[in-house]
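These notes are about the structure you will find just below.
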Amino acid sequence: MTIRVLLADDQAMVREGFSILLGTQPDINVVGEAVDGRDAVEQAARLAPDVVLMDVRMPVLNGLEATRLVCAEPSAPKVLVLTTFDLDEYVYEALRAGASGFLLKTATGRDLAEAVRVVAAGDALLAPSVTRRLITEFARLGPARPTGVRIEELTERETEVLVLLARGLSNTELAERLFVSEQTVKTHVSRLLGKLGLRDRTQAVVFAYESGLVRSGSS
């Protein structure tokens, strides 16, 4: 299956570079280029891409607000936020807005293409440095916000999987830790996402911290 990608960046040179890099991939097709956040929202609705590569700092409407609007739509595409600014506020707000991944523009072409595939498949994608800052941000925010969702609806195993997801374990690592197959892990993840009304693993990580199930520094 070909992954349809919409590029959103106010710099023409950046869009052209990303388009060239992704254009070399047989399973990725760049279907549009947006010059600002408002353009990104409009093109996402019209083109129905699978993934939107969203810059943070753009005119008219910034990437964080554009992400929020794109992700609020039915059958919303996945949003992979790209930025040169590795800052706590961007990491946290991008994920709160509904982004499925956060990658720095210093990433290689291979990393970019793989990131597109990862978020298109419904997995979370966070650069290692971003993950550390995300946890720091949750700690800074203090008490968890009420989520309106009952963790009690999860089984003991689903709760365990959610905690491990929030600590950054991959499906392979989860399978090894729980002594089950990766397919069983995927089943648990799918079920807990459904019960909690969450779209993907990234939202699950945010939920785990905001609900108080996992706290920064917990082992």
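Can you pull out the residues in the stretch 74-125 that are surrounded by fewer than 18 Cβ atoms within 10 Å (Cβ to Cβ), in a helix (DSSP H, G or I) and at pLDDT 80 or above? Within the stretch 74-125, Gly109, Arg110, Asp111, Glu114, Arg117 meet the criteria.
Sub-8 Å Cβ pairs linking a first residue in the stretch 25-51 that is without any contact (Cβ under 8 Å) to a residue 12 or more places away in the chain to a second residue that is in a strand (DSSP E or B), at least 6 apart or interchain, are Glu42/Ala34, ordered by first then second residue. Residues that are more than 20 Å from Ala115 (Cβ to Cβ) and among the acidic types (Asp, Glu) were ranked within the stretch 15-70; the one that is modelled with the lowest pLDDT is Glu65.
Residues that are not charged (D, E, K, R) and not in a helix (DSSP H, G or I) within the stretch 163-177 comprise Gly168, Leu169, Ser170, listed in sequence order. Considering Ala204, Ala175, Ala166, the condition of being among the hydrophobic types (A, V, I, L, M, F, W, C) and in contact with a Phe, Trp or Tyr (Cβ under 8 Å, 6 or more places away or on another chain) is satisfied by Ala166 alone. Of the candidates Val180, Val214, the single residue that is surrounded by fewer than 20 Cβ atoms within 10 Å (Cβ to Cβ) and outside any helix (DSSP H, G or I) is Val180.
Considering only residues that are aliphatic (A, V, I, L, M) and not in a helix (DSSP H, G or I), which ones fall in the stretch 183-211? Walk me through how you get there before you give the answer.
So the first thing to find is which residues in the stretch 183-211 are aliphatic (A, V, I, L, M), and the list is 185, 189, 192-193, 196, 198, 204-206, 208.
Matches in the stretch 183-211: Leu198 only.
Considering (1) surrounded by fewer than 19 Cβ atoms within 10 Å (Cβ to Cβ); (2) farther than 20 Å from Gly101 by Cα, the lone condition that Asp39 does not fulfil carries the number (1).
The values are calculated or read from the model by the stated rules, or taken from the named source; none is laboratory data. Since the structure is predicted, the reported quantities are computational estimates derived from the model, not experimental observations. Positions of Cβ are backbone-derived with ideal geometry, glycine not excepted, and every protein chain shown enters the neighbour counts.
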